[in-house]
Amino acid sequence: MVPRLKKNTSNSLDTQVGAVERKVTIWQSKAIEHCNDIIAEEVAIAIVYNGISHAVMMASPLELEVFAIGFSLTEGIIEKPQDIFAIDIVTQAQGIEVALTISNRSFMQLKTRRRNLTGRTGCGICGAESLAHVRSELALINNQFSITHTTINMATSNLAVHQPLQASTGAVHGAAWCDEAGNIIRVCEDIGRHNALDKLIGSLWSNNTFQQKGFLLMSSRASYEIVQKAAKAGIAIVVAVSAPTSFAINIASEVGITLIGFSRKARHVVYSHPQRLIEEV
């Protein structure tokens, strides 16, 4: 991918939340050019529950409140957003602390799990205590609606225009919720694909969006944690622009998720539960 670069001038580049400007040197065809580049921020985000640090994730420093809500839901720490009483975001020298006050019941359940993980982009189980903690208890997805292959193609084709941070930096993933017609309703971006999904889930969970006709579109591969988090939210159809993993396919098959990968222009591959996809006459 060609970097989005501009020559040094007296004016700064247009940056946005989640991006910073840095001076770079480009070597191309034996020529040297000094430019400014827009770089995706990567910040340590500490998730703290009732004063106890639970996780440190490397993430983009935007939409942190919905990130904390989505992470809490998909990790099974809370059952509903109402279990969170307060969220305080404090910037520190080493990163950002997101401190949540949760219900006593949720906090007691959290303490019994004795889980202390350090998350990284691309890693969903760092710090799990045993192999038994890799798989969560997941309910079956019974939503029996259908969408067309053209609908998926339309959403995939339009995803890039809904990712401003990716357009500026070329370094972030996007998680999009799309309606049954293929319109993109909401997109969240982050350097971590599962962080982007947590942000999307945190922002849309309360109004039962995921129980309605629609599908999740990821700009990344479909690894196991993407499918597992989608299952936690009750999402019936997951579409990824890149490949799924074998573990992701296994989970999708077991819980009833229609999993689609390699979604590109006029082509995609269906890996599980194809009954939700209909062909146009």
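Throughout, read-outs are computed from the coordinates displayed, never taken from laboratory work. Remember, it's a predicted structure, so these values are computed and weren't measured experimentally. Note that we place each Cβ from the backbone using ideal geometry, even for glycine, and neighbour counts take in every protein chain shown.
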Highest GNM mean-square fluctuation, the chain, Cα pairs closer than 10 Å: which of C35, C188, C178? C35
Any idea which of W205, Q109, N142 is furthest toward the positive side of the dipole for the chain, if Lys and Arg beta-carbons carry +1 and Asp and Glu beta-carbons -1? N142
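Determine the calculated [θ] at 222 nm for the chain from helices alone, applying -39500 (n - 2.57) to every DSSP H run no shorter than 4 residues and normalising by the residue count; nearest 500 deg cm²/dmol. Could the numbers behind the result be given before it?
Working: 7 runs with 69 residues, N = 281.
Calculated at 222 nm, the ellipticity per residue is -7000 deg cm²/dmol.
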Classify the stretch 147-278: rounded, prolate or oblate, from the alpha-carbon gyration tensor (a ≥ b ≥ c, eigenvalue square roots; a/c under 1.5 rounded; otherwise prolate if a/b is larger than b/c)? rounded
Considering the options M58, Y271, A93, tell which one lies farthest towards the positive end of the dipole of the chain, charges being +1 on Lys and Arg and -1 on Asp and Glu at the Cβ, about the Cα centre. Y271
From the coordinates shown, volume of the Cα convex hull per residue in Å³ corresponds to which of (i) 182; (ii) 152; (iii) 135: (ii)
Give me F67, F210, F145, F247 ranked fewest to most by other Cβ atoms within 10 Å of their Cβ, as a rough exposure proxy. F145, F247, F210, F67
The stretch 240-257 - phi-based ³J(HN,Hα) in whole Hz, Karplus 6.51/-1.76/1.60, Gly and Pro as x: 10, 7, 10, 6, x, 9, 5, 5, 4, 5, 4, 5, 4, 5, 5, 9, x, 8
For N183 and N207 in one chain, what is 0.36 nm times their gap in residues minus the Cα-Cα distance, to one decimal in nm? 6.8 nm
Let's see if you can work this out: charge +1 on each Lys and Arg Cβ, -1 on each Asp and Glu Cβ, no other charges. What is the dipole magnitude of the chain about its Cα centre, in debye to the nearest 20? 500 debye
Take the chain, connect every pair of alpha-carbon atoms lying under 10 Å apart with a spring to form a Gaussian network, then pick out the residue of G192, G234, G76 with the largest mean-square fluctuation. G76
Förster-model FRET efficiency, 25 Å R0, E280 and Q144, C-beta, rounded to 0.05: 0.80
Report the antiparallel proportion of the DSSP beta bridges in the chain as a percent, rounded to a multiple of 5. 75 percent
Sort W27, W205 so the one with the fewest other Cβ atoms within 10 Å of its own Cβ comes first. W27, W205
